[in-house]
Amino acid sequence: SGVSYALLQQLAALLAHDILPQIPSEGSVGASGDLTPLSYVAAVLCGERQVWFRGESMPAAQALAAVGLQPHRLRPKEALAIMNGTAVMTALACLAWVRAEQLGQQATRCTAANVIASSGNAHHFDATLFAAKPHPGQQRVAARLRADLASNRPSRNELRLQNRYSLRYTPHVIGVLEDALPFLRQLIESELNS
């Protein structure tokens, strides 16, 4: 919103050279934009504060000089324009989304390992059972469990007739997350593209 092309070029250069502003992980509520965290980005563009560059912390001016960049001189209202946004909150939402997706997959894999370790019954994750109450997230989790357990039907050699409750209902629990992820992704992508 109302910044010069030179400022955008400087931002792109930070990304291209992997010059990362060091932003405190605490100290901002994200109200009315990410004023505090984005002030660190604005300062780095101008050669101030600390950055993470080439595996170490250093003054921004030193990192900029190392790649042949000059500190940007802010034009009227550019400081406000760069700080009055939701870039940090949106970035954190992106990271949280990826972690949530990975957690769902890892929890599913851990469930499969627990079923095997407890001589469990893969039949509890049968597609026919999950078709009766067709929540997409539950179905995806159950399908991943079937794939991990390499079983579509109960085996006569199963040692346990019924899995422990905590294992039987894993698709229902992880499935809620699976159902929420597409909705959350849509919100995050709308924010990223706006």
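Restricting to the stretch 131-144, count the residues that are more than 28 Å from the chain's Cα centre (by Cα) and either in a helix (DSSP H, G or I) or buried (at least 20 other Cβ atoms within 10 Å of the Cβ) (or both).
1
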Practice task
Residue by residue through the stretch 121-130, note down the ones that are without any contact (Cβ under 8 Å) to a residue 24 or more places away in the chain and surrounded by fewer than 13 Cβ atoms within 10 Å (Cβ to Cβ).
Solution key: 128
Fill in the blank from the handout: Going through the stretch 99-120 in order, the residues found to be part of a helix (DSSP H, G or I), among the polar types (S, T, N, Q) and either open to solvent by 40 Å² or more (accessible area, probe 1.4 Å) or within 30 Å of residue 35 (Cβ to Cβ) (or both) are 102, 105, 106, 114
Problem - Leading residue by the ranking (surrounded by the fewest Cβ atoms within 10 Å (Cβ to Cβ)) among those in the stretch 1-53 that are at pLDDT 95 or above and on the phi > 0 side of the Ramachandran plot - result: 18
Practice task
Could you list, in sequence order, all residues of the stretch 63-98 that are on the phi > 0 side of the Ramachandran plot and open to solvent by less than 70 Å² (accessible area, probe 1.4 Å)?
Solution key: 68
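Residues are listed down the side, and each one gets a yes or a no for (1) at pLDDT 95 or above; (2) more than 30 Å from residue 47 (Cα to Cα):
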residue	(1), (2)
85	no, no
92	no, no
107	yes, yes
112	no, yes
117	no, yes
124	no, yes
130	no, yes
148	no, yes
Fill in the blank from the handout: Pairing a residue in the stretch 102-119 that is within 12 Å of residue 141 (Cα to Cα) with any residue that is surrounded by fewer than 15 Cβ atoms within 10 Å (Cβ to Cβ) and modelled with pLDDT under 90, where Cβ atoms lie under 9 Å and the two sit 6 or more apart in sequence or on different chains, gives 111/166
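The values are calculated or read from the model by the stated rules, or taken from the named source; none is laboratory data. Here the structure is a predicted model, which is why all the values come from computation and not from measurement. We place every Cβ from the backbone using ideal geometry, glycine too, and count neighbours over all the protein chains shown. With ligands, DNA and RNA removed, areas are computed over all heavy atoms of the protein, side chains included. Shrake-Rupley method; radii C 1.70, N 1.55, O 1.52, S 1.80 Å.
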